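Okay, structure first, notes after.
Laboratory data are not the source of any read-out in this text; all were calculated from the coordinates shown. On a predicted model such as this, the values are computed, not experimentally measured, just so you know. All Cβ positions, even for glycine, are placed from backbone atoms using ideal geometry, and neighbour counts span all protein chains on display.
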Ligand SMILES: *Cc1c(COP(=O)(O)O)cnc(C)c1O
């Protein structure tokens, strides 16, 4: 038995893996693999229609106001697509820098216009979310990363955004909880953290923004074209979309994002409680900004780091090594991780403390 705490590609529900496997050999008794079915045929059309409807249903967004796209190029391509499609003389980009992914989004956006970074927690080594900044801007968007996968911090409410549309990189916490508000212009998420396999990115865009997309863009990078063609301007990533759909069905059948939030909170609290109690470990992120998806922690005695990883591996706990820019450990506890996995990790931490104190 393995307990997969990897940050991404990451754990998905067991039922999703087996249904996906079945679809690869024989999709829905068609005698054909999903992988060989036309993306314009009735089977995949039905998959896509449900896949663009369910995100809105799960997040409580109206189909009158929002449209979902499944694009390629990863969340990283959204760093520039958002800016390229939207920035103009009257519509400006504002950013909050909360770590590696926001820093990258800022770098890419700069290629397409003048943007402004309103706040950064860089000085703090991104242990916290900056809360004080001037946000009285009147036209444009505020880009932020709702969950900082690497540093283990997470917004617990909407950032202060005045009249700005919110653009949110929700790659590592989409569908982990209800949306904390409704002022989103764009939500995007690479599938491989909490939604599906690597290879597609979910983009939820406010329809009114589609009317102000810059002209002259290359077709593949133009939201307007992908929206008009329902994500089938070119061949969409059929398998990642199908598996993402299976995960969304699983979320819906298990009580929706409210139930996910409750479970995720219990899981995260169990880990943080142990990090605080255990004499060997220190939590990394500021307590009020701690993530319910990626718990980051370090070990006081550096020389024990490798041994802890070994003990984890022997207990089937994998993917726990921290990102190189933080060090230590990171337990990624996405929707599909159940409480048994958390209990196992806590058990290993307790046993490690007994052995070394
Ligand atoms: C993983 C991650 C990304 C990068 O996603 P790609 O799909 O690899 O481009 C961006 N933002 C956040 C918050 C992430 O966790």
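What is segment 200-291's relative contact order, in percent, from Cα pairs under 8 angstrom and six or more apart in sequence? Reported as a whole number, the value is 14 percent.
Take every pair of alpha-carbon atoms less than 8 Å apart whose residues are at least six positions apart; their mean separation over the length of segment 14-253 yields a relative contact order of 24 percent.
Between residue 217 and residue 230, the simple spin-label model (points 7 angstrom out along Cα→Cβ) gives 2.1 nm. As a rough footprinting exposure proxy, the listed residues 58, 48 were ranked by other beta carbons within 10 Å of their own, and the order from fewest upward is 58, 48. If the chain linking residue 287 and residue 303 were pulled fully straight, counting 0.36 nm for each residue of separation and taking away their Cα-Cα distance, it would gain 3.2 nm.
Normalised by the number of residues in segment 231-343, the mean separation of alpha-carbon contacts (under 8 Å, six or more apart) gives a relative contact order of 23 percent. With both residues required to sit in the chain, DSSP beta bridges show an antiparallel share near 50%. Shown for 161, 226: other C-beta atoms within 10 Å of each C-beta, ranked fewest to most, produce the order 161, 226. Within the chain, the ratio Rg/Rh, alpha carbon atoms throughout and Rh by Kirkwood, equals 0.98. Working note: 222 nm ellipticity from helices only, DSSP H runs with n ≥ 4, each -39,500 (n - 2.57), summed and divided by the residues of the chain, gives -11500 deg cm²/dmol to the nearest 500. Exposure proxy shown here: for 143, 323, 356, the number of other Cβ atoms within 10 Å sets the order, fewest to most, as 356, 323, 143.
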